[in-house]
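Q: I have a structure I would like to understand better, so I am pasting it below and will then ask my questions one at a time.
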Amino acid sequence: MTDTTHADMSHEQSLSHEQSLEARLRAHHQDLPPAERRLAELLLNFPGDISRYGAGELAEAAGTSRAAASRLFRRLGYRDFNEARQQVRDAQRWGSPLYLSSATEARRPAPGNNSATGQNATGHDSGALEQGTGLESAAQGGSSRQPSARGTEGQALSGSQSALGGLDADSALGMHLAQEQDNLARSFAELDQAALGEAISALGKAPRVHLAGFRNSQMLASFFHRQLQLLRPDVQLLPRPGQTLGEDLVDVGADDLVILIALRRRTGQETSLLDCCRQQGAKTLLLVDPTCPTTLAGDWRLEARVASASPFDSYASCLSMIQAICTIFYRQNIDTCQQRLREVEALHDSLDELSRL
């Protein structure tokens, strides 16, 4: 391998640790010549559009030249346009709402049917982009000819897209419902049923069950914790309020079950948590989305799709999967679960803590 190749690989590996496109644009904005500033302003509004258009199309939409576009990307510290595009695509796979939003998708009319959308290499849904849907108007406030929304590579972009803006309520709700239905259908069609069965069996045998999640996944872990707590004893949420992970992980023991919900965007703490739990002899179940790398490994892995008609991921499939796990567990352990539910209801009555309204 040549020194040049080594340098190229090193540069690409470090790119994700450098400033984002949006941060670079803001840092240079005031000093840009007018021809470059017009393109910069377009990209500041919708930086994700760089993944779906060619450099010439972006320049045309911004009313500037390809030469000015090339100068802008070099000024921002990229080798060329393609390097900037790759960084944006990485941000989309990571799940950044800013980079998932799009001038194109914000103005896309509602689809004529609810057929399933395409799927790209990242495992996420990606609808075909239509022509004439608003990039140029986002740049100039005009309605002149639009560039091709498929870009020069004809590649479907990864992740969810912003499709609700600029639509009437009925169209927006229709798109939202179609995407949610597609997520649910695909998540359960692709479900590893063997892993599901083994994980539910472990849920019944484990001395203790620990649930964990970070960022938005913590909300889902909390919901899962509450449901399981109604069905079996010794269910803990990690970390508890006011605690560090270490102060709670000390109680994870051999044959316990740790359930980690790790939907994008992940923090990096997930790997340390799983390593610690495995070292202490616990079994691990992961609930993740398809972008989660296989290097984040557990004993069992279940995937829920999170594609959305907005810049924000959808958690409906993950919530439904949690509900399914609890329902199957309840049916397989109905006598003990019913007894626990009776005890909980008796305590509610004695404490008079729930309204009859």
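Only the coordinates and a few stated rules stand behind these numbers; no lab work does. All figures in this text were calculated on a predicted structure; none of them were measured in a lab. In this analysis, Cβ positions are derived from the backbone assuming ideal geometry, glycine residues included, and neighbour counts consider all displayed protein chains.
Q: Quickly work out the Ser272-to-Gln86 label distance, labels modelled 7 Å from Cα along the C-beta direction, and quote it in nm with one decimal.
A: With each label point 7 Å from Cα toward Cβ, the separation is 3.0 nm.
Q: Could you work out how much longer the chain between Ala67 and Ala346 gets when fully extended? Use 0.36 nm per residue separation minus the Cα distance between them, nm to one decimal.
A: On the way: separation 279, 0.36 × 279 = 100.44 nm, distance 7.50 nm.
My answer for the length gained is 92.9 nm.
Q: At a 10 angstrom cut-off on C-beta neighbours, averaged per residue, how do the peptides 237-244, 253-260 rank from highest to lowest? Walk me through the numbers on the way to the answer.
A: On the way: 237-244: 12.8, 253-260: 20.0.
Put in order of decreasing packing, that is 253-260, 237-244.
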